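The values are calculated or read from the model by the stated rules, or taken from the named source; none is laboratory data. It should be emphasised that the depicted structure is a prediction, and the values quoted were computed from it without experimental measurement. Glycine also receives a Cβ, built like all others from the backbone with ideal geometry; neighbour counts cover every protein chain displayed.
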């Protein structure tokens with residue numbers, strides 16, 4: 001696909017780093033708020049997912065890769081989601097474990 | 001001059017694409033490996049939220065924040081290393097790889113210091129025979145903690161080895177012979193290990209109520 005460097009430009013990488021540091025500060029600050037535990041978990045994991053998306057998109061340049069490569073990455077995330085979803089349903093609602 | 005091409009690839013771009021595909025397939029398996037560990041964590045957290053309320057505050061979120069920052073900056077320097085490898089900026093490449101290694105080693109040093117602190121305070125994942133029948137306790141929480149962070153730390157250690165190998169190779173190779181693909185492959189692995197920590201950090205260290 002790419003004859004040149006697949007890595008981000010120095011400016012793009014630096015902007016991504018600043019965003020990641022800001023999100024880290026945000027997630028730590030939110031942990032101090034008085035919120036229901038479920039809201040805490042949802043917020044913290046959403047921010048972690050956004051950070052992971054930034055790393056994948058900018059540092060790991062996934063969008064510049066071939067369609068087959070993007071498919072492999074997508075399938076692994078879908079499989080993990082199915083695994084996690086079914087275990088949570090089992091433990092919470094079906095008396096599993 | 002383009003990057004040296006090995007059999008059976010037609011050109012450098014083709015070769016680079018194949019390295020990327022292979023690396024992502026490997027990382028897909030790693031996603032499921034850590035996924036299973038996170039399922040272990042999730043199952044315990046859903047069934048026994050009281051464990052996390054009681055013992056997560058024993059983890060040092062300030063230290064973990066510093067470790068998070070170290071890994072994030074190391075991902076930034078790793079991305080620069082990949083760029084320098086493809087543009088054959090040899091000195092910058094060695095510098096970026098070394099900086100990434102120093103940050104990774106700092107992460108591991110802090111992790112080791114943290115482990116030593118837990119062992120000093122009896123916060124170990126031992127099997128609590130005396131506590132059988134009283135439900136899961138400290139040993140269960142620290143069992144999850146050590147399994148998750150331990151496997152992550154081993155991955156950081158493996159990454160450091162690969163980075164060291166790249167740095168030595170870059171040091172010995174004339175700039176005109178530098179190849180980008182190996183640095184890119186190690187970079188993808190390093191960023192993945194960073195992502196795992198981005199989930200471990202809130203899952204463990206921010207799980208307890210953080211009293212000021």
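Of the residues making up region B:165-182, one or more are in contact with a helix residue (DSSP H, G or I) (Cβ under 7 Å, 6 or more places away or on another chain), closer than 27 Å to residue B:76 by Cα, modelled with pLDDT under 90 and in a helix (DSSP H, G or I).
Of the residues B:39, B:46, B:69, the single one that is surrounded by fewer than 19 Cβ atoms within 10 Å (Cβ to Cβ) and under 14 Å from the mean Cα position of the chain (by Cα) is B:69.
Selection of region B:87-101 for residues being in contact (Cβ under 8 Å) with a residue 24 or more places away in the chain and surrounded by fewer than 24 Cβ atoms within 10 Å (Cβ to Cβ) yields B:88, B:89, B:90, B:94, B:98, B:99, B:101. Looking only at region B:176-192, decide whether some residue is surrounded by fewer than 19 Cβ atoms within 10 Å (Cβ to Cβ), without any contact (Cβ under 8 Å) to a residue 24 or more places away in the chain and more than 14 Å from chain A (Cβ to nearest Cβ). So far as region B:176-192 goes, no, none of its residues is surrounded by fewer than 19 Cβ atoms within 10 Å (Cβ to Cβ), without any contact (Cβ under 8 Å) to a residue 24 or more places away in the chain and more than 14 Å from chain A (Cβ to nearest Cβ).
For residue B:52, are the conditions met, namely being in a helix (DSSP H, G or I), modelled with pLDDT under 95 and away from chain A (no Cβ under 14 Å)? Judged against the criteria, residue B:52 is not a match. In summary, residue B:125 fulfils each of the numbered conditions (1) at pLDDT below 95; (2) in contact with a helix residue (DSSP H, G or I) (Cβ under 7 Å, 6 or more places away or on another chain); (3) closer than 27 Å to residue A:83 by Cα; (4) assigned to a helix (DSSP H, G or I) with the single exception of condition (4).
Of all residues in region A:16-40, those satisfying the criterion of being more than 18 Å from the chain's Cα centre (by Cα) and surrounded by fewer than 12 Cβ atoms within 10 Å (Cβ to Cβ) are A:29, A:33, A:34, A:36, A:38.
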